[in-house]
Ligand code: OOG
Ligand code: NI
């Protein structure tokens, strides 16, 4: 008996990422430009720098994307976890953006592959935020009940799609002839809905926070950005500006230095207003516009140990008021991978400074900055105490999925021999 051809997890993940990318390019034209320019920057950089592939092959980096989505409840986050498990993407890390310098009422995790071979094949990751309705500094008991009721009534994913996802996750593969339909349904779940939006509900939530309206003011979720990776983000920034696309005025994260690139540098452009429909109290539908989707690009460096991360946080705190970033940086970090490895500031496979381990995660300060740079209005300043009980353990328990500790993953990888 011959078995049908099967597609394994990473092949499904590769198709999922590519499918989302095609959908997004069709809807956000500047994204197409970003991908094109990113590809050129990467090819040019790799041609000029012999060690360019130390932090990932050109093939990996060129296909590499991260997306971002936002959901309204633990049940919705659990559904996302089930869907992404079919693509070998599991929750890693806990980010509490309520404690960012400019707070956002969400707690987040990132779904991604964790095995080194899986990452090398396709590292697709999705930053996933959940609205913090239990935090009474944003949601009084009445509003909280109404938001939770609204969220509980909507259905982000077809239950049959989730059943299929759980089955594929358990099998670790899917029949090739079913794969297209499964991936297309998964991609489609993240398209921007064109359904009319209840205007008074959306406006009420907007007064609490633009993020609350974006998440709980509508009946679906959507990919709000899809981020390509570049090997030289300063060059990308200049080329995009020359193409007439206005980027935000900074590159977030560590400054450009001559030493080893660390963690993550990101920049973004604001989305154009997109047409939408609003339904008024009297039932009439009028056209309006919303800025909900934007563009972002990133460069990745070596993953820092907890000790390196402390140094990073100290350097960043100093940099806020500094006009010579390279000097401040040099006071906190050595100039070579050999010294980084010797001082145990960053992770290297087998401790070999020629084998840096790339940072696969996110930075809370940049994440909050990315949210913030794309909001029309500010979140109301939150006063009072936080008795919501949100933390990594709570989140894992309530969605019924283990949330991996990124440091434990890097530590384990650093024990492996260099490839
Ligand atoms: C997520 C923002 C976080 C990043 O790259 O830091 C993020 C969002 O806007 O929903 O994607
Ligand atoms: Ni992002």
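Every condition in (1) over 16 Å from the mean Cα position of the chain (by Cα); (2) within 16 Å of ligand 1 (Cβ to nearest atom); (3) part of a helix (DSSP H, G or I) holds for residue 31 except the one numbered (1). Just one of the numbered conditions (1) without any contact (Cβ under 8 Å) to a residue 24 or more places away in the chain; (2) under 27 Å from residue 16 (Cα atoms) is not true of residue 203: (2).
The residue that is surrounded by the most Cβ atoms within 10 Å (Cβ to Cβ), counting only those in segment 214-236 that are within 16 Å of ligand 1 (Cβ to nearest atom) and farther than 30 Å from residue 197 by Cα, is 230.
Show the residue pairs meeting these rules: Cβ distance below 7 Å; 6+ apart or different chains; first residue within segment 83-109 and closer than 18 Å to residue 212 by Cβ and in contact (Cβ under 8 Å) with a residue 60 or more places away in the chain; second residue away from ligand 1 (no atom under 14 Å from the Cβ) and assigned to a loop (DSSP other than H, G, I, E, B). The qualifying pairs are 96/390; 98/135; 103/382; 105/135; 105/138; 107/390. Is there a residue being within 16 Å of ligand 1 (Cβ to nearest atom) and either buried (at least 17 other Cβ atoms within 10 Å of the Cβ) or closer than 20 Å to residue 403 by Cβ (or both) anywhere in segment 169-188? There is no residue in segment 169-188 that is within 16 Å of ligand 1 (Cβ to nearest atom) and either buried (at least 17 other Cβ atoms within 10 Å of the Cβ) or closer than 20 Å to residue 403 by Cβ (or both). Scan segment 392-404 for residues that are over 16 Å from residue 113 (Cβ atoms), surrounded by 12 or more Cβ atoms within 10 Å (Cβ to Cβ) and in contact (Cβ under 8 Å) with a residue 40 or more places away in the chain and the total you get is 5. Residue 132 falls short of the stated requirement of being more than 13 Å from ligand 2 (Cβ to nearest atom) and either free of Cβ contacts under 8 Å to residues at least 40 places away in the same chain or farther than 15 Å from residue 211 by Cα (or both). All conditions in (1) at pLDDT 95 or above; (2) on the phi > 0 side of the Ramachandran plot hold for residue 343, with the sole exception of (2).
For segment 260-284, which positions are away from ligand 1 (no atom under 15 Å from the Cβ) and surrounded by 17 or more Cβ atoms within 10 Å (Cβ to Cβ)?
Correct list: 260, 261, 262, 276, 278, 279.
Taken over segment 97-114, the criterion of being modelled with pLDDT of 95 or more and surrounded by fewer than 21 Cβ atoms within 10 Å (Cβ to Cβ) is satisfied by 114 alone. Within this structure, residue 336 fails the test of being farther than 30 Å from residue 60 by Cα and loosely packed, with under 14 Cβ neighbours inside 10 Å.
Checking the condition in a helix (DSSP H, G or I), under 22 Å from residue 90 (Cα atoms), in contact with a strand residue (DSSP E or B) (Cβ under 9 Å, 6 or more places away or on another chain) and within 16 Å of ligand 1 (Cβ to nearest atom), which residue from 367, 396 passes?
Numbers: 396 fails: within 16 Å of ligand 1 (Cβ to nearest atom).
367 is the lone residue from the list that is in a helix (DSSP H, G or I), under 22 Å from residue 90 (Cα atoms), in contact with a strand residue (DSSP E or B) (Cβ under 9 Å, 6 or more places away or on another chain) and within 16 Å of ligand 1 (Cβ to nearest atom).
The values are calculated or read from the model by the stated rules, or taken from the named source; none is laboratory data. Note that the structure is predicted; figures quoted are calculated from it, not measured. Cβ coordinates were reconstructed from backbone atoms using ideal geometry, including for glycine residues, and neighbour counts include every protein chain displayed.
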